[in-house]
Amino acid sequence: TDLHPLDILSEVVPAGQLAHGMRVFKVQGVRGFQLAASQPRALVFPASRLFIHCDRFPEEFSIIVTLRVLSVPAKRNEYVFTLMAEESPSVLVGLRYAPNKLHFLFWSQEHAGSWQTRITFPNVSLSDNQWHTLVLAVSGQSFSLTVDCSISKDVVAETPFPASLSVKRASFYLGNRRRRKGMFTGLLRQLVLLPGADATPQICTTMNFRVATLSVPTVLQDFPVKPASNEVPKYPYETDTKVTLGSRPPCTKQEKAQFWFNASQRGLYLCNGSTWISMLEVSQRLDYVEEYQNLVTNSETMGVEVFTIPKVGLFAATANRYTPPGSAIYKWTDGKFVPYQNIPTYQAQSWKYFTIGKKIFLAVANFEQNDRGQEFSVIYKWSHRKEKFITYQRITTHSARDWEAFVIEGEAFLAVVNHREGNNHNIDSVIYRWNPRTGLFETNQTIPTSGAYDWEFFTIGPYSFLAVANTFNGTSTKIYSHIYIWLSGSFQLFQSILTSGAADWEVFHIGNRVFLAVANSHSYDSGMPAPSNFYAINSSIYELNITAQMFVKFQDLLTYSALDWEFFSVGDDSFLVVANSFDGFTFSVNSIIYRWQGYEGFVAAHHLPTVGCRDWEAFQTAEGSYLLYSSAKEPLSKVLKLKTT
């Protein structure tokens, strides 16, 4: 444990001198080497530079790699590094990447002969244009791979790593195996050998797991002090920054660190991975909210989903109470939502839009049986030819309230909230897994729920979570809602929080802080005296405490049968809007926009008259920012425009 890390990458750039063809790129704020233009012989150094006092490779060790992999064609391998003897084409030690696989190679020698051993770690997806940090720990027959500090993948092999592997007259080759075939085409930031220890505890001490650092060459660290005006920076580097013109493009992890120039507003924006941040103009501030459009709906609306179909447009799907005429999809046309498609539904509660590859889906949660006495919810698929949604898969549900779609380790899932079966509220809700072979969702896991209303999926670092809002267990609304964490291929209980008729969870981030807000709808317990008002109760905001590894209460806000939270931002300001639906006397209740005020928490900023407010959706167009609310008590929803200064 007192052995020092051996920085393989730094040995290739002694005194900061880059080998011919090596280039330094800065991507997503992180610097790395590009090696593809170099000749293999330029990226080599003798092993004796690392193993000064002993010519044997360690028997137990860790290899730490931070890299950014480009898409690797099928049936192709790329080498991160190799250790090869001068007189032999065999790889003594090596690490190579293939699509969705990582191979660790080593040379085994016994009296009966010598052979190459390959340890394969399947389902390692790195080709997402993101930085990743890998820790490979080796000890005898045990091989363990940790990616971005997530759950380790462990392999016990028949052939142990050799106890005495000679490195005499051997050399390290960076990004290759002494030839151009299999050359590493991505970016490499860190390559460290740590003898005698599992490096995972040393690496996994930061929230930014993808670029966790043990040792990085000076060239890739923060720049030295600003040079004099007549000097050239010592370490020039390049970036892959691009500037997009035209209407607002998407801002996801793929576009992080890219710029968008809005010519009409003369604004330059930078994508931070989720939101376009203004770079040239004064940040907008929310001034007031004005009524923009009265959206007449087929009937009362229980939920609304706003989504964008690439190259087609912006849409809103309303989950309407009655059939006929069912629910409707509206398209944003000339600055307004106009009817686009009607879909038969049965007391629809909510819609969920999601994609799997190039396939586009829209799932509805039906609360009641159809005309034939069948109870199921339906997944619709977008037809590019017909330019409308068509029925794709029916799934049996029980008074379904909500769908949640998410992806874990490259696999697509869809979770349904089953509210009750007959008068029994304590039933299973179901998580379905997409089967790419059959093209259907299949049952993957069931989770017991109590009159549940909502699922909320979110990720923190490498970990995936799923929170359920439990509403009623048959006798009381004062019950525990649960947060589950994905471990070893299934969701397991992480934390339970006491709620009161919970109807919605909303996760959001402010800076590096993670919050989770619950909408409490009413307080009822058959075994307790009735309160003065069932509906005027606190809804709560919880914050993740990293040290305690749990969510702790941050703030209580008085709400009136709250059914939904929606988080949104305007400029540098963050907001939460609550759907207040009933105060015990009337459905005409103000819903409130709360502004984030730092130390003060969320403070009421705008009071919006609503009628039986059920759901809020925030969205943006080239013309500005909007809020859409659905009414569960009248066939009229409203689009509100956020006026800024």
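Below, the figures for the structure above:
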| quantity | calculated |
| --- | --- |
| Cα lying deepest toward the dipole's positive end in the stretch 544-595, options Met550, Ala579, Asn590, charges on Cβ | Met550 |
| Sum of -39500 (n - 2.57) over DSSP H runs of 4+, divided by residues of the chain (222 nm, nearest 500) | 0 deg cm²/dmol |
| Whole-Å distance, taken between Cα centres, linking the stretch 16-55 and the stretch 390-430 | 51 |
| Hull volume in cubic angstrom per residue (convex hull over the Cα atoms of the stretch 6-220) | 120 |
| Selected from Met183, Ser215, Gly439, residue furthest toward positive end of dipole (the chain; charges at beta carbon) | Met183 |
| Surface share of carbon and sulfur [accessible, 1.4 angstrom probe, percent] for the stretch 274-367 | 51 |
| Heavy-atom SASA rank of Arg285, Arg420 (probe 1.4 Å, accessible area, largest first) | Arg285, Arg420 |
| Accessible surface, the stretch 456-589, averaged per residue in Å² (probe 1.4 Å) | 40 |
| Long-range HN-HN contacts of Ser327 with modeled amide H, under 5 Å | Asn320, Ile343, Thr345 |
| Cα shape, the stretch 437-497, gyration tensor, a/c 1.5 rule | oblate |
| Heavy-atom accessible surface of the stretch 492-575: percent carbon and sulfur, 1.4 Å | 50 |
| Listed residue (Gly461, Trp505, Tyr340) projecting farthest to the positive dipole end of the stretch 286-644, Cβ model | Tyr340 |
| When each of Lys153/Lys359; Lys336/Lys388; Lys26/Lys352 is checked by Cα-Cα distance, pairs over 29 Å | Lys153/Lys359; Lys26/Lys352 |
| The chain: antiparallel DSSP beta bridges as a percent of all, rounded to 5 | 100 |
| The stretch 6-220 - percent of accessible surface contributed by carbon and sulfur, probe 1.4 Å | 49 |
| Rounded, prolate or oblate (a/c below 1.5 giving rounded, otherwise prolate when a/b exceeds b/c) for the stretch 286-644 by Cα gyration tensor | rounded |
| Mean accessible surface per residue for the stretch 45-150, computed with a 1.4 Å probe while every protein chain stays in place, in Å² | 41 |
| Check: the chain dipole with +1 on Lys, Arg Cβ and -1 on Asp, Glu Cβ, in debye | 2500 |
| Cysteines having no other Cys beta carbon under 4.7 Å from their own, within the chain | Cys54, Cys613 |
| Cα centroid separation - the stretch 537-579 against the stretch 299-359, whole Å | 27 |
| Cα shape, the chain, gyration tensor, a/c 1.5 rule | prolate |
| Residue-by-residue Karplus 3J(HN,Hα) for the stretch 529-534, coefficients 6.51, -1.76, 1.60, Hz, glycine and proline x | x, 5, x, 5, 8, 5 |
| Expected-Rg normalisation [2.2 N^0.38 Å, Cα atoms] applied to the stretch 353-509 | 1.06 |
| Relative packing of peptides 393-402, 364-373 - highest average C-beta neighbours within 10 Å first | 393-402, 364-373 |
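The values are calculated or read from the model by the stated rules, or taken from the named source; none is laboratory data. On a predicted model such as this, the values are computed, not experimentally measured, just so you know. With ideal geometry, Cβ positions are generated from the backbone for all residues, glycine too; neighbour counts draw on all protein chains shown. Keep in mind that these areas ignore ligands, DNA and RNA; they rest on the heavy atoms of the full protein, side chains included. Shrake-Rupley method; radii C 1.70, N 1.55, O 1.52, S 1.80 Å.
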